[in-house]
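Encoded as structure tokens, the structure appears first; notes follow it.
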Amino acid sequence: MAPSRYQVLLALANLLIPAAVLVFAKAFFPYKPFLPGLAEYQVLDYGDPPPAPFDKVVFMVVDALRSDFVYSPSSGFKFTQSLIRNGAAIPFTAHATSPTITMPRVKAMTTGSIPSFLDVILNFAESDTTSTLAHQDTWLAQMKAKDGKLVMYGDDTWLKLFPDTFSRADGTSSFFVSDFTQVDNNVTRHVPGELREKDWNAMIMHYLGLDHIGHKAGPLSPNMYPKQVEMDGIVQQVYEAMETQSHLQNTLLVVAGDHGMNDGGNHGGSAPGETSPALVFLSPKFKVLAKQFESPTSPREEFEYYSMVEQSDLVPTIAGLLGFPVPLNNLGVFVEDFLPLWSKDDDRVQLLLRNAMQMLTIVKATFSYEAFENPYATLDCSDPLSSGHELACKWRRVTDIFRATGGAKPAAAVILPAIQDFCKHAQEIMSSTASNYNIPLLITGIILSGISLALSLAACKYQTIKPLTDLIPFALLIILYSIMMFASSYVEEEQHFWYWATTGWIIYLYTSSTRFSPPSKSLPSLTSPAFSALIVLSLHRLSTRWNQTGQKHAGAPDIVSTILTPYPPILWTLVAITYLTVFLRLSRSLAPTPTSNPTTPPNSAQESLRSFGATSAAAALVLPAFAFKVAFTAKDAPELVGAWVPGALEAFPLVRGARVVFWGVGVGVVWVVGRAKWGGVGKKETMTALQDLLTVFLLTQTRTVNIPSFLIFTLQAHFLSPLLRSQPQSQPPSSNPPKSPSSSPPPPPTTKITLTLLLLTHTAFFATGNSNAISSIDLSNAYNGTASYNVVGVGLLVFLGNWAGAVWWFWWGLARLCGGEDEDEGREGRKGEGGGRMTTARKWIEEERAQLRSSVSASSSPRASQTTANPPSHSPYTLHLTLTTIYTSASLTAVMLACTVLRQHLFIWTVFSPKYLFAMAWAVAFHGILGVGVGGLVVGFVG
């Protein structure tokens, strides 16, 4: 059968969405070009480069080492603080630009450049090799070029970035965030032996345990202080070796955090806690600088202790301290606090001048000004017209000082401020212009998304939409959401939009469900729309208070932090009730009555056997799932389980246990699908059973504290049914048309289901702790059932884990769109005489009578066929898909427009870029793969 015009329009609209996403992403997240090769010393009038005070470096990265973890009175770094007081340690707060995740921060600390935001995606792809720094100039490459030997222990991100660089290495995955101890012990066990070795010039250690504690329990976790003490002990071990072992006397120890963490223990955004890691340089040689600081101390501003430097400043500073050229792509500036290590003024000038000339190379590649090449070129600096013009004037000031001396070397007091001024301004300007947007491609992406919107709107004219009044809230939702995307504060706190919109929609459902009902003086019954609306609103309020999300109030009190975490018995009672509910539902849904022969009287023995088998199967699936969740939590968040976990569960094989659950769900799906195809089971029972099996899987992928949310979702779905039932549009209740006692209520309008799903899927996404910040992505369940990294498998588990609530609501709506009646309506239908089979028989008779009447009416009226043919009849799912395509393309267009118009906005990389990544996930993964792909397959199967 040839596809209809409607199908062509809808198919093209959905094909254009991923195309628009990819085209826009390519233009918005360009992979930054870099200068190839290794830097070499330029010949200067100052002679040879100044001698280096150090010949070895121990580079110790403590992941997520926020500044207050080292410098505050509550810090566990007591030995480090003592070195700060006696002048052997020089402390700083490093400014880490967004995105504050490991890979881009390691790139910044080794190249001195500003990483691409594309590294956010590459950071999660452990098998990725395109992000390697093997062919870029870094301080590691410079040290190796000096015939140096490098060793590395810790986060295997370093091995991916620097392949074939280390003589000895032992990497650990950074994504098994449940491990607080072994992941660091695997690093520490190498330290004593390496400190005795004399063959290396750089030893890199990257500790992950502190970051994992933050992810699991936040910065105030009781595990945080002991971990800080442990890390301080490593500092002490290395420093004392530097003092006592002769081959380490010229060793520099650098202790740095790659990023910090927010109040919720996460990172990826631009909150002060996330962008303020600690940075400490340690060596007995620093005592000659006579720089003694008070320690512990209080911050000057939020998380800003001592001097603030850019994280990229590490690179030229290490280059100067260890005596090699500044890497070619560096945008960092040598930290002037270390200049007194060189007694000669010429050496100090030469250090900064070489740094400035290296940065000048990058500036000239970006801005074309003759003044950069010719110091005699005409240049008006009275009012610089652009950033490039301003930098040309800054550099002219440097060259003018050299020219004024008539070939002699200018005094350090005169030339150093001018060089520093140029370097600082070049760093600021070049960092802010580090992304060159491809404007034509940006516009192309927007046009493609706009065309998708136009095609999906055109497809609407082939649909019958009743009532049309339901499109008003739908249109209003799209308009308000689109406007909201242009305000950074609203993007950061998007959850409030969905919370309030859902509240308004529930009220709208209540008013529309009672539009034709006469006023009642009695109290509402338990099945009335008023009671249902009250329960749904109460459950909605409870759900939105479950997790505090967003940016401005991250870490604020919520149900999880104030009730469930401090009182684990309450948590596990709710978890047990949730799993019990799933067990009871599975016991029913796995043993339905076949509808292929409704007139056959039921056999009690067969019914009992079927019920026993279903109950046994449900128990065989739910009990291992519950045991896995308990055992996983005992290792993932031991503070939530206490000492009551049985010893057998402590040795529970997590990988095998997750696989048992996954295989059990898979076998259940095959069984349910097979009996629907060959066993005569109806689509309502099939969809219900599939949703119950899906719930078991989603619970496995959900954080333990969020498992009771699915109990809330189940209750909401139950009480939503009376609000979604259709009301007769042409006849008010006073006409009281006769109807058969066996007839079931008409199905709810598709527009109501679609808008309900749009609201509840987004509400569930945010209510389970997610936001538009990269830091909210939960990786704790990303490796369930996996023994090694697999980008497709882990990516799928990450998506299903973070969108678990949204996926649950999607399937619930899909079941309704497939024609399955509500659970309570199904039970009412089965209460009649003769049981389910007689009800089905009566329903079949009614349908046959209606079909006959329709046939007679069609044959007697020549215009009837024309009326029914325009517009053509489509399934509720096709209308639903049309509306969701309209929303997806419209919202995606709005986000693209906001990112394009506000591309020079201060928060473009901290707010709007992460939002676009989440918009990509909603458009491609949730709408495209799940809504169009999986939904289409299911609808095609169940009819």
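Flag: TYR153 does not match the condition of being hydroxyl-bearing (Ser, Thr, Tyr) and touching a residue at least 60 places away in the same chain (Cβ under 8 Å). Scanning the stretch 273-294 for residues that are over 23 Å from GLY214 (Cβ atoms), at pLDDT below 95 and polar (S, T, N, Q) yields a count of 1. Among residues of the stretch 317-361 being in a loop (DSSP other than H, G, I, E, B), polar (S, T, N, Q) and closer than 15 Å to LEU38 by Cα, the one that is least open to solvent (accessible area, probe 1.4 Å) is ASN330. Going by the structure shown, is VAL536 of a type in the set (A, V, I, L, M, F, W, C), under 22 Å from THR756 (Cβ atoms), part of a helix (DSSP H, G or I) and open to solvent by less than 30 Å² (accessible area, probe 1.4 Å)? Yes, satisfied. Of the listed requirements (1) in a helix (DSSP H, G or I); (2) under 25 Å from LEU279 (Cα atoms); (3) in contact (Cβ under 8 Å) with a residue 60 or more places away in the chain; (4) not acidic (Asp, Glu), PHE92 misses just one: (1).
Residue-by-condition table, conditions (1) of a type in the set (S, T, N, Q); (2) at pLDDT below 50:
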{"site": "PRO732", "(1), (2)": "no, yes"}
{"site": "PRO738", "(1), (2)": "no, yes"}
{"site": "SER743", "(1), (2)": "yes, yes"}
{"site": "THR751", "(1), (2)": "yes, no"}
{"site": "ALA764", "(1), (2)": "no, no"}
{"site": "THR768", "(1), (2)": "yes, no"}
{"site": "ALA773", "(1), (2)": "no, no"}
{"site": "SER776", "(1), (2)": "yes, no"}
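In the stretch 328-350, the residues that are closer than 19 Å to ASP45 by Cβ reach residues that are of a type in the set (A, V, I, L, M, F, W, C) and in a helix (DSSP H, G or I) with C-beta atoms within less than 6 angstrom, at least six apart or across chains, in these pairs: ASP345/ALA412; ARG348/LEU339; ARG348/ALA412; VAL349/ALA412; VAL349/ILE415. Taking the stretch 329-368 as the range and being in contact with a strand residue (DSSP E or B) (Cβ under 8 Å, 6 or more places away or on another chain) and more than 21 Å from THR138 (Cβ to Cβ) as the test, only ASP337 passes. Every listed requirement among (1) over 29 Å from ALA501 (Cβ atoms); (2) in contact (Cβ under 8 Å) with a residue 24 or more places away in the chain; (3) of a type outside the set (A, V, I, L, M, F, W, C); (4) surrounded by 14 or more Cβ atoms within 10 Å (Cβ to Cβ) is met by HIS389 save one, (2). Every condition in (1) open to solvent by less than 60 Å² (accessible area, probe 1.4 Å); (2) of a type outside the set (S, T, N, Q); (3) modelled with pLDDT of 90 or more holds for VAL670 except the one numbered (1).
Checking each residue in the stretch 879-905 for being open to solvent by 30 Å² or more (accessible area, probe 1.4 Å), modelled with pLDDT under 95 and in a helix (DSSP H, G or I) picks out only VAL901. Looking across the stretch 442-472, the residues that are over 16 Å from LEU12 (Cβ atoms), of a type outside the set (S, T, N, Q) and crowded, with 17+ Cβ neighbours inside 10 Å come down to LEU442, GLY445, ILE446, ILE465, ASP470. Among the candidates HIS215, HIS190, HIS206, which residue alone is within 22 Å of THR157 (Cα to Cα) and more than 31 Å from the chain's Cα centre (by Cα)? Of the residues listed, the single one that is within 22 Å of THR157 (Cα to Cα) and more than 31 Å from the chain's Cα centre (by Cα) is HIS190.
For the stretch 749-769, the set of residues classified as closer than 16 Å to ILE478 by Cα and of a type in the set (S, T, N, Q) consists of THR751, THR754, THR756, THR761, THR763, listed by residue number.
Scanning the stretch 275-289 for residues that are open to solvent by 30 Å² or more (accessible area, probe 1.4 Å) and of a type outside the set (D, E, K, R) turns up PRO284, VAL288.
Would it be correct to say that GLN292 is assigned to a helix (DSSP H, G or I), farther than 30 Å from GLU493 by Cβ and open to solvent by 40 Å² or more (accessible area, probe 1.4 Å)? When the stated conditions are applied, GLN292 does not pass them. Of the numbered criteria (1) part of a loop (DSSP other than H, G, I, E, B); (2) of a type in the set (Ser, Thr, Tyr); (3) touching a residue at least 24 places away in the same chain (Cβ under 8 Å), the one SER312 fails is (1). Just to check your reading of the model, which residue among PHE632, PHE612 is of a type in the set (Phe, Trp, Tyr), assigned to a helix (DSSP H, G or I), at pLDDT below 90 and open to solvent by 50 Å² or more (accessible area, probe 1.4 Å)? The unique qualifying residue is PHE612. Residues in the stretch 566-575 that are modelled with pLDDT under 95 and of a type outside the set (Val, Ile, Thr) were compared, and the one that is least open to solvent (accessible area, probe 1.4 Å) is LEU571. Among the residues of the stretch 256-274, those that are of a type outside the set (Gly, Ala, Ser) and open to solvent by 10 Å² or more (accessible area, probe 1.4 Å) comprise ASN262, ASP263, ASN266, HIS267, PRO272. Out of LEU758, LEU724, one residue alone is among the aliphatic types (A, V, I, L, M) and either modelled with pLDDT of 90 or more or open to solvent by 30 Å² or more (accessible area, probe 1.4 Å) (or both). It is LEU758. Counting only helices (runs of 4 or more DSSP H) that fall entirely inside the stretch 371-479 and contain at least 2 residues that are over 28 Å from the mean Cα position of the chain (by Cα) and within 27 Å of VAL333 (Cα to Cα), the qualifying elements are 387-404, 412-432.
The values are calculated or read from the model by the stated rules, or taken from the named source; none is laboratory data. What you are looking at is a predicted structure, and each value in this text was computed from that prediction instead of being measured. Cβ sites come from the backbone with ideal geometry, for glycine too, and all protein chains shown count toward neighbours. For accessibility, only protein heavy atoms count, side chains too; no ligands or nucleic acids. Shrake-Rupley method; radii C 1.70, N 1.55, O 1.52, S 1.80 Å.
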